[in-house]
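The values are calculated or read from the model by the stated rules, or taken from the named source; none is laboratory data. Just so it is clear, the model here is predicted, and its values are computed rather than measured. Cβ coordinates were reconstructed from backbone atoms using ideal geometry, including for glycine residues, and neighbour counts include every protein chain displayed. Ligands, DNA and RNA are excluded from the accessible area calculation, which covers all protein heavy atoms including side chains. Shrake-Rupley method; radii C 1.70, N 1.55, O 1.52, S 1.80 Å.
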Amino acid sequence: MQFLAALAGLFAVGVVAAPAAEPVSIEARANPGGANYVQNYNGAAGNFKYNQGAGTYSLQWNGNTDIVAGLGWSTGAARSIVYSATYSPGTSGSYLAVYGWVNSPQAEYYIVENYGGYNPCSSGVTQLGSYTSDGSSYQVCTDTRTNQPSITGTSTFTQFWAVRQNKRSSGTVTVANAFNYWRAHGNFGTSYNFQVLAVEAFSGSGSASVTVS
């Protein structure tokens, strides 16, 4: 998640620092056979609405409040995630991404399918090359977050990023390909925490309607 105070100022001049995590707010829901977690971090600021049974949600944002909202699973896996979205970020700071955490060694990860005005692998991170999956190359980078908020409080952890170069708003994400690449190029563990198909927004205005399966 984003370090908002820095981002708000830097985004105005077109330079953005590497993102930092913030505490995650997730609500458990029972839905056998489908998404069983709702992530709702500052969702009220984006008029977050969802129907978990249908696997759908919508979000509208306008401003610099960091919002991370979506549907997914209480335990991550190397699954294939099928989704479709109407994603309209404009030039806002926003991602449409598979988002999750690894428990040990603690890590935060994003598989970014589409984004607005900011590519999180563009600067201030360690580049790890690229891999090809699901019809596109993914730019890969990593960063270490020191004494930042996380799923266990304040901690030091690694961020792993894979950013799709051929942006899209629907398709299948083969999560295993990202996991395997990260593991081959860094200390990416197998003790998974939650995993969601999320929209994150932290600057500007936009909207999204998403279906996850």
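Other residues whose C-beta falls under 13 angstrom from the C-beta of P105 contribute a net charge of +1, scoring Lys and Arg +1 and Asp and Glu -1. Summing +1 for each Lys or Arg and -1 for each Asp or Glu among the other residues whose beta-carbon sits under 15 angstrom from that of S207 gives 0.
What's the carbon and sulfur percent of the range 144-186's accessible surface, probe 1.4 angstrom, rounded to a whole number? Exposed carbon and sulfur together represent 42 percent of the surface.
Please work out the FRET efficiency for the pair H185 and N47, using the Cβ-Cβ distance as r and a Förster radius of 30 Å; give the result to the nearest 0.05. So the FRET efficiency works out to roughly 0.20. With a Förster radius of 25 Å applied to the beta-carbon distance between T174 and S104, the computed FRET efficiency rounds to 0.55. Once you treat every alpha carbon in the range 53-172 as an equal point and sum by Debye, what is log10 I(q)/I(0) at q = 0.13, 0.16 Å⁻¹? Taking Cα atoms of the range 53-172 as identical point scatterers yields -0.56, -0.88.
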